[in-house]
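Below: the structure, in structure tokens.
Readers should treat all values here as calculations from the given coordinates under stated rules, not as data from a laboratory. What you see is a predicted model, and the numbers here were worked out from it, not measured in a lab. Positions of Cβ are generated from backbone atoms using ideal geometry, with glycine treated the same way; all protein chains shown enter the neighbour counts.
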Amino acid sequence: MSLVRSVGTIGGLTLLSRIFGFARDILLARVLGAGLAADAFQLAFVLPNTFRRLFAEGAFSVAFVPMYTRTLAADPSEGGGEDAANRFASDVLSVFVWVLLGFSAIAMIAMPAIVWLLAGEYQEVPGKFELAVALSRTTFPYLGLVSLVAMLSGVLNAHSKFAPGAFVPVLLNVVLITGIVTGYFLGKASGSDQIIAWCVAIAVSASGVAQLVYMAWATRKAGVKLQVRAPRFTRDVRKLGMLILPATFGAGVYQISQFVDTFFATSLEQGSLTLLKYADRLNQMPLGIVGIALGTAILPMLARHIQSHDNAGAQRLQANAVEIACLLTLPAAVALAICAPAFVTAFFVGGKMTQAHGDTMAAIVVALVCGLPSYVLVKVFQPAFFSREDTRTPVWIAAGTLIVNIAVNIAVVPRFGIVGLAAATAFTSTLNVATLYIILQLRGWFHFTARLGSRIARQIVASAVMGAALWALMPLMASRYDGNVFEKVWSLAALCVSGMIVFFVTAYLVGALDKDLLAQLRRRRPAAKTEPVTPTD
């Protein structure tokens, strides 16, 4: 399966998940607003999800997938093949289960201290700290469940079966929407926001059960048979552990920054954390669809190129990934920055979410999307290190950018508040990507070619023309963004369709579109062991 088709498969299912996630946040914003219960739930949701992205989908996946892929691709006479790969995965699973149980138990016992470290300011609001602790204990089992889901997803990805892992987030959002609706009707009579928060927190852990059951079925259906047995610390398991330790930091700089951002956000006025998370939902739409798709697809493909010493193939693969990332994120960032007030007003303002909250959220979106291309390019550049089992270099890069992030936050948050915090995140993410590329260039692992640079420059021109058109269109429909459902739909649709037409027409005229890549998007072909890549250099 080609990179483009893999990205299309993962991206399409991730888009479905993001749509459900968007609907979830719209409902939650309207029934909870940005008050005490909303902030408490957002913190409770941040904790297991950030640990999930940091350990399970971050450090664990980038270390486990290349090892599993190499074992799967190796000759059975050399200790490889499907049986050997499944034995390795079973050994890892048998250890991983106990590690997750132990970590989750300790975290739940220590939850008051964890919440105090991240949100000590909650103690100044009566009942807020206690509610945050209780909700966090309720949601935290989700970490262990979804971590096992991430491992099974990695196994299927190595077999070029990307769809199940990309679909499981849909289950999360469906269960959470059910929890929101249930909480709304239960809390309607008493008028208590806390009942809604409790229902949604319970739904978080329930969704983890649903996801694990589905992935276990998908794995079995794919013919991959894994067993949980007495834990054995084999040589490969120990090697995986040594790779995970530095990768925990290197692969998770964005997630670690989330903890830093949470700490600063909870020190600001009530509702700041909630508004930041809702604004990040708009930012996460293109980030999740493109970034997750590229990062998931490129890692096993890149590992196979490097395993076969095909350096030219690895270069072409990454160049394709960079071009796809920029083609999709540059116009998305420009469109979101200009149209943020329209999107926020239409989707989030209403019910308990006031227009003042919406204005603040729109400003946060503008600051966040300035780093949107960087958030995605991290997913392209980091696999170049991880597929070579170099998890140390990203550690040092992440350490430096995290220190810069904290310093910038200390400087700007007191003056610019939550918007300054979002801008600091965008700045340090861009610094992280620039540093990763410089190291790749110096080591000869990847380099920008004149053709790739020219293509991106033309994409920037097309994005700028689209931005000018949207800037002119925005005021013409200003009264429609907070109108009835029909007015919201047609006004936003007009913005989106107009922007897309202007961008793609301009991109075609200036030569920003690679016809070979577009042909791959249209062409269907059977999966092959060696993924074809389109030259861009």
Translational diffusion coefficient, Stokes-Einstein: compute it for region 89-188 using the Kirkwood radius over C-alpha pairs as Rh, at 25 °C and 0.890 mPa s, and state it as an integer in µm² s⁻¹. 152 µm²/s
From fewest to most C-beta neighbours within 10 Å, the residues Trp445, Trp217, Trp116 line up as Trp217, Trp116, Trp445
Going from the fewest other Cβ atoms within 10 Å to the most, one would list Tyr68, Tyr214, Tyr481 as Tyr214, Tyr481, Tyr68
Point-to-point label distance, Val489-Ala110, nm (Cα→Cβ direction, 7 Å offset): 5.0 nm
With r defined as the distance between the Cβ atoms of Ala478 and Gln355 and R0 fixed at 22 Å, what FRET efficiency is calculated, to the nearest 0.05? 0.95
Potential lengthening between Val97 and Ala189 on full extension [0.36 nm per residue; Cα-Cα distance subtracted]: 28.9 nm
Number of Lys pairs in region 3-448 with C-alpha atoms less than 30 angstrom apart, excluding same-chain neighbours closer than eight positions? 16
Restricting things to alpha carbons, tell me how big region 450-523 is in terms of Rg and Dmax, in Å. 15.6, 49
Along each principal axis, Cα extent of region 3-448, largest first, Å: 67, 47, 35
Could you tell me what % of all Cα pairs in region 75-144 have separations over 16 Å? 61 percent
For Thr234 and Phe448, calculate 0.36 nm times their separation in residues minus their Cα-Cα distance, and state this gained length in nm to one decimal. 73.0 nm
A correct fewest-to-most ranking of Leu101, Leu226, Leu152 by other Cβ atoms within 10 Å would be Leu101, Leu226, Leu152
Using only the Cα atoms of region 360-443, each taken as one equal point scatterer with no solvent, compute I(q) by the Debye sum, divide by I(0), and report log10 of the ratio at q = 0.12, 0.16, 0.18 Å⁻¹. -0.39, -0.63, -0.76
Among Ala507, Leu473, Phe486, which residue has its Cα positioned farthest towards the positive end of the charge dipole of region 450-523, with +1 placed on the Cβ of Lys and Arg, -1 on the Cβ of Asp and Glu, and the dipole taken about the Cα centre? Ala507
Neighbourhood net charge (14 Å Cβ-Cβ; Lys/Arg +1, Asp/Glu -1) for Arg232: +3
